[in-house]
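The values are calculated or read from the model by the stated rules, or taken from the named source; none is laboratory data. From a predicted model like this one, the values you see are computed outputs, not experimental measurements. Cβ atoms come from the backbone with ideal geometry, glycine included; neighbour counts cover every protein chain shown. Keep in mind that these areas ignore ligands, DNA and RNA; they rest on the heavy atoms of the full protein, side chains included. Shrake-Rupley method; radii C 1.70, N 1.55, O 1.52, S 1.80 Å.
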Amino acid sequence: MATEPIRIGVVGASPDRGWAADAHLPALQHLPQYKITAVGTRRADSAHRAARRYGATHAFTDPRSLAAHPDVELVAIVVKVPDHARLVEAALAAGKHVLCEWPLARTTEEAAQLTAAAHGAGVVNAVGLQARHTPTVVRARELIRQGYVGRVTSVTVYSTRGVAAGGRLPAAFAYTLDSTNGAGTLEVAGGHTLDAVQYLLGREMTGLSAALSVQHPRITLDEDARQTGATSPDHVALHATLEGGAALVVHIHDAKNSGAGTRIEISGTQGELAIVSTGPRSGSGLQISELALLGAQGTEPSGQELPFPGSWGTAVPADGLDAAQHTMAVQYAALAADIREGGSRVPRFADGIELHRLLDAVRLSSATGCRLERRAGERWPVSSPWPRRRRSR
């Protein structure tokens, strides 16, 4: 007898725009493992339009009512970061499985509270670090494990987004400019990218020095040409050491006026790999863009695009989906297997806490001008063990 589809309710299911409409809902409609039974938005009219568009039986403006409804097994939280904690808590209080978009919460402390609550509720919890499920990232990880590059010696990451290009930003994203909301360049672009790099290599950072800066302190909001201040860093520079000794250099920034994109180069004793964003959404971030995988071994002069094995990565067909939607579908398929069969195929809230702690270490290093060190598996220090020293210029 076939397993019944998982009944999912999506909070933040705007029918007009947003990440749920861009990726989550098309991915869910693509998968037989799910049935969209409920949608929630702030306004009744948009909730009912979303229900009609996505075939949901129920439309809500109250997320607690959505979470408590018996037709909902799994709640997806796809809203602004400052609202994550209360909405996740509502789903957990109702005893439902939860997928929360990254960042998990505004702070590490909030993330820890949510993780403890999820453990107490005894449900499956997942955080949306979907770059781990991008077929190109998965394939590159497999090749590294098989020894394609030999011993990894260095990793270089350059990732830029077109967000706030020309010093302008849609008003809907103005909240990301406030560092207290935990949804800026470091948290979103930095979090997704750094998590993907550590996942690719199967290695954690053991030492880092970082510099954060706000290069665009005044941003013009598109709708009314009003200017607003920015306190959230838009540039992230990081030099780190990976477990095993490889060097990692990272530069991430927003407001790239042209040619925004991501390139991750992995160098080793026997070869090279590069993950390169392509296509019209190249400047949207690693977790959204189409990605190409380039490789070269020995003394080959330049990387050639590597073909995937014929049967590789076809568990979730990409027919009719763009790159972001397909990655989301792969993540949801893995989550369905976790819920129905057990296991940990998708990142959990506990993984989100560790990433939050890494970002805390980046902030601390930047604020103190100190390099932070730890052993693999240990937590990053929460305060600098050395007096602040002036950076060399």
Can you tell me the equivalent ellipsoid semi-axes for the stretch 6-123? Use √(5λ) from the Cα gyration tensor, largest first, whole Å. 22, 15, 13
Probe 1.4 Å, accessible area per residue of the chain, Å²: 44
Relative contact order for the stretch 228-349: what percent, with Cα pairs under 8 Å and sequence separation of 6 or more? 13
Taking Cα atoms, how many degrees apart are the long axis of helix 44-54 and the longest axis of the chain, rounded to 10 and kept between 0 and 90? 80
Using a 1.4 Å probe on heavy atoms of the protein chains only, the accessible area for Ser65 in Å², nearest 10, reads 50
The chain, relative contact order in percent, only Cα pairs under 8 angstrom and at least six apart counted: 17
Positive-end residue, the chain charge dipole about Cα centroid, Cβ charges, pick of Gly9, Gly184, Gly229: Gly229
Square roots of five times the C-alpha gyration tensor eigenvalues of the stretch 132-311, ordered largest first and given in whole Å, equal 32, 18, 13
Proximal charge balance of Gly202 [Cβ under 12 Å; K/R count +1, D/E count -1]: +1
Dipole size in debye (nearest 20) for the chain around its Cα centre, Lys and Arg Cβ +1, Asp and Glu Cβ -1? 820
Could you order Leu286, Leu294 by accessible surface area, starting with the largest, using a probe radius of 1.4 Å? Leu294, Leu286
Share of Cα-Cα pairs in the stretch 82-225 lying beyond 24 Å, as whole percent: 48
